[in-house]
Amino acid sequence: MTSDKAKDYWSRNLRLVLGCLVVWFAVSFLFGILLVDVLNTVQIGGYKLGFWFAQQGSIYTFVALVFFYASKMNKLDREFDVHEG
Amino acid sequence: MELQTLTYIVVGLSFALYMVIAVWARASTTSEFYVAGKGIHPVANGMATAADWMSAASFISMAGLIAFKGYDASVYLMGWTGGYVLLAMLLAPYLRKYGKFTVPEFIGDRFYSRTARIVAVVCLIVASLTYVIGQMKGIGVAFSRFLEVPFEAGLFAGMAIVFFYAVLGGMKGVTYTQIAQYVVLIFAYTVPAVFISLQLTGNPIPQLGLGSTMADGSGVYLLDKLDLVLGDLGFAAYTEQKGGTLNMILLTLSLMIGTAGLPHVIMRFFTVPKVRDARSSAGWALVFIALLYTTAPAVGAMARLNLMNTIQTGPVAAADANLAYADKPQWFTNWEKTGLLKYEDKNGDGKIQYYNDKSESFAETAEKAGWKGNEMVKVDRDIMVLANPEIAKLPNWVIALVAAGGIAAALSTAAGLLLAIASSISHDLLKGTFKPEISEKQELMYSRIAMAGAVLVAGYFGLNPPGFAAQVVALAFGLAASSLFPALMMGIFVKRINNKGAVAGMLAGLGSTLIYIFLYKGILFIPGTAMLADNPSGWIMGISPGAFGAVGALINFAVAYAVSNATEEPPEHIQHMVEDIRVPAGAGGASDH
């Protein structure tokens, strides 16, 4: 791989990771802790929304996030032809 | 059938299964011993990782913690799962690409420094040993409570089992046994939760039951009911925040980066065939962990509600609304025997009053009713999961299953930790540093001896637990968060970090975290040497010692960056190596040099 291509691959990877980490931060630290009182004014079934994010929603989002990242990276690997045989 | 006979049968069957797997999955090469020959399917590895990660603490203690802390315990739920996001994106695929056997080996190679490797070995051994002591104690407790054998006998039985399959099978044997242990533990955890959720809400899925209305026809939501019941007795509302926000954030962050930096978790990702398997395997691990972690809040809330309702059977302060001590259920008597539950009839009425006697607003009601203080003087929160099926009057086979599940959780984590310790001793210290001339066959023998030694040391500490065993858990996470995680991450993401920067960063992160913990817990945990009061008002800016790991990690990043930029660039071949691990192509099989 040429060094330009390698740089491009790496910066696309970094952008993807950064995007995922923004979501990671939002569902846990933001919705689950910092904004918990505001979100708790919304009720979904028996759950207050902020409480739900802290004890349920953040965990579901983490799972989805890891699989999203894995599939995006697999695509990126093939696009740059750096995937394994 | 009688509970005890049933428990013997269920636990005995699970042990027989582990033994069969051990004989079938023997290791014959160092690669099989350290990384299971890099042939584990990503889903299977995810399951093994989940069992490896979820210890006696996750299985037994976490729901109890949630039951008594309510919303505030969310830090553990988010912290111990969010770490896998970091692991999947920042470490696992790259370390798999690098393709070596241990975590210190990567640090030593990347920072071309024997000092860095040895600092990493020390962190790994301290963190893992701390952890394993707790597991050993958990095994002993589970045995002594459920099989009614002495604590020591239970511990020896547990040691013998781990010894057998870990020494024989190494990573290969441990992995396949962990898969079986995951199945046992998740079954044992969810079955009672489903039953209890059905009883209370009519909804069989605990995650939904927690957000449903009560099945008693009142139409009240379970969580609202719990807030109400607790509020009536002067306790804080379950769903409301009680601790400081900054501390919650830092504790969550520390647990996340600590999780991602724990060597026994990281090395599980060395066992999959490909880089892309390492990415998806982290996702599978999180799926299997989430099954338990999203059930735990339901278990905690429902156990608390059942406990309150068992004791306070009617309206607060009504004449006949408190359980009479003479009518106490069997589980109450059983746990009283262990000393983890204590009752004291303060007002001499023969009934049990369980309320918050520190609440000022409730004091008047209590006085009018003739209550003289909270009479449940001790309710150890660790008993909640184990007592839960009994409190909910579930059949005996469910209770037997919970015993087998608790033991499976403790055994699987202990084995993973012992393997991390043994491989860093035989591979990093002997083969890598002091005796590089030994052959593969000799190294395999040394790793088996190191494993046997680690089992014995862990067993010794399990029998004679040092007084500080509980306090040092914060230390294990602090070490992983403040030293190992930043070094690994910068090793991959910042090419400019050199040997001096990495070593200075690790020592600064480690040092500051140690100092902060020692300030509150005592120097080397020796009682009486603590310099500041270990409570929220004594903590600097409200940061608890367990939450300092995140700050230590920041210090590590900053120091490593500054020192590296002030000194020379890393050599050419190291920079090439970093470029190489950033792309998946060309990941080979196992190699040890």
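Quick look at the numbers
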read-out	value
Positions within region B:383-411 being surrounded by fewer than 18 Cβ atoms within 10 Å (Cβ to Cβ) and in a loop (DSSP other than H, G, I, E, B), in sequence order	B:K393, B:P395
Residue list for region B:268-289, restricted to those being within 7 Å of another protein chain (Cβ to nearest Cβ) and buried (at least 24 other Cβ atoms within 10 Å of the Cβ)	B:V275, B:R279, B:S280, B:A282, B:G283, B:L286
Of all residues making up region A:27-37, the number that are at the interface with chain B (Cβ under 7 Å from one of its Cβ atoms) and not hydrophobic (A, V, I, L, M, F, W, C)	2
Output for region A:61-85, where each listed residue is facing chain B (nearest Cβ under 7 Å) and assigned to a helix (DSSP H, G or I)	A:F62, A:V63, A:L65, A:V66, A:F67, A:Y69, A:A70, A:M73, A:N74, A:D77
Residues within region A:1-34 that are without any contact (Cβ under 8 Å) to a residue 60 or more places away in the chain and either polar (S, T, N, Q) or not in a helix (DSSP H, G or I) (or both), tallied	4
Residue in region B:305-319 that is part of a helix (DSSP H, G or I) and within 14 Å of another protein chain (Cβ to nearest Cβ) present	yes
Count of region B:560-579 residues which are in contact with a helix residue (DSSP H, G or I) (Cβ under 8 Å, 6 or more places away or on another chain) and either surrounded by 15 or more Cβ atoms within 10 Å (Cβ to Cβ) or within 21 Å of B:L90 (Cα to Cα) (or both)	9
Filtered residues of region B:412-427 (kept if surrounded by 24 or more Cβ atoms within 10 Å (Cβ to Cβ) and not small (G, A, S))	B:T413, B:L417, B:L418, B:L419, B:I421, B:H427
Those residues of region A:38-60 which are surrounded by fewer than 18 Cβ atoms within 10 Å (Cβ to Cβ) and more than 8 Å from chain B (Cβ to nearest Cβ), in sequence order	A:V38, A:T41, A:V42, A:Q43
In region B:485-511, the residues that are farther than 26 Å from B:Y84 by Cβ and assigned to a helix (DSSP H, G or I)	B:N499, B:K500, B:G501, B:V503, B:A504, B:L507, B:A508, B:G511
Qualifying position, being farther than 21 Å from B:G154 by Cβ and in contact with a helix residue (DSSP H, G or I) (Cβ under 9 Å, 6 or more places away or on another chain), among B:Y94, B:Y131	B:Y94
Pick from region B:546-559, criterion in contact with a helix residue (DSSP H, G or I) (Cβ under 6 Å, 6 or more places away or on another chain) and under 11 Å from B:A502 (Cα atoms), ranking: surrounded by the most Cβ atoms within 10 Å (Cβ to Cβ)	B:N556
Members of region B:329-343 found to be in a loop (DSSP other than H, G, I, E, B) and crowded, with 16+ Cβ neighbours inside 10 Å, listed by number	B:L340, B:Y343
Any helices (runs of 4 or more DSSP H) falling wholly within region B:1-73 and containing at least 3 residues that are hydrophobic (A, V, I, L, M, F, W, C) and surrounded by fewer than 21 Cβ atoms within 10 Å (Cβ to Cβ)	B:3-24
Boolean, B:V162 is surrounded by 24 or more Cβ atoms within 10 Å (Cβ to Cβ), touching a residue at least 24 places away in the same chain (Cβ under 8 Å), more than 13 Å from chain A (Cβ to nearest Cβ) and of a type in the set (V, I, T)	yes
Qualifying residue in region B:206-215 (condition: surrounded by fewer than 17 Cβ atoms within 10 Å (Cβ to Cβ), within 14 Å of another protein chain (Cβ to nearest Cβ) and over 17 Å from the mean Cα position of the chain (by Cα))	yes
Unique match (being within 12 Å of chain A (Cβ to nearest Cβ) and free of Cβ contacts under 8 Å to residues at least 60 places away in the same chain) among B:T252, B:T245	B:T245
Flag if B:V265 is touching a residue at least 60 places away in the same chain (Cβ under 8 Å) and either out of contact with any Gly (no Cβ under 9 Å at 6 or more places or on another chain) or within 11 Å of another protein chain (Cβ to nearest Cβ) (or both)	no
Residue satisfying condition, being farther than 29 Å from B:Q178 by Cα, without any contact (Cβ under 8 Å) to a residue 40 or more places away in the chain, outside any helix (DSSP H, G or I) and not aliphatic (A, V, I, L, M), within set B:E375, B:E367	B:E375
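Condition check ((1) in contact (Cβ under 8 Å) with a residue 24 or more places away in the chain; (2) out of contact with any Phe, Trp or Tyr (no Cβ under 7 Å at 6 or more places or on another chain); (3) part of a helix (DSSP H, G or I)) across all residues:
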site: B:L91; (1), (2), (3): yes, yes, yes
site: B:K100; (1), (2), (3): yes, no, no
site: B:F106; (1), (2), (3): yes, no, yes
site: B:Y112; (1), (2), (3): yes, yes, no
site: B:A120; (1), (2), (3): yes, yes, yes
site: B:G134; (1), (2), (3): yes, yes, yes
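Okay, residues lined up against (1) under 24 Å from B:Y34 (Cα atoms); (2) under 22 Å from the mean Cα position of the chain (by Cα); (3) not aromatic (F, W, Y); (4) not in a loop (DSSP other than H, G, I, E, B):
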residue: B:A142; (1), (2), (3), (4): no, yes, yes, yes
residue: B:V149; (1), (2), (3), (4): no, no, yes, no
residue: B:A180; (1), (2), (3), (4): yes, yes, yes, yes
residue: B:A193; (1), (2), (3), (4): no, yes, yes, yes
residue: B:P204; (1), (2), (3), (4): no, no, yes, no
residue: B:F235; (1), (2), (3), (4): no, no, no, no
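We did not get these values from a lab; they are worked out from the coordinates using the rules stated. Here the structure is a predicted model, which is why all the values come from computation and not from measurement. Please note: Cβ atoms are built from the backbone with ideal geometry, for glycine as well, and neighbour counts cover all protein chains shown.
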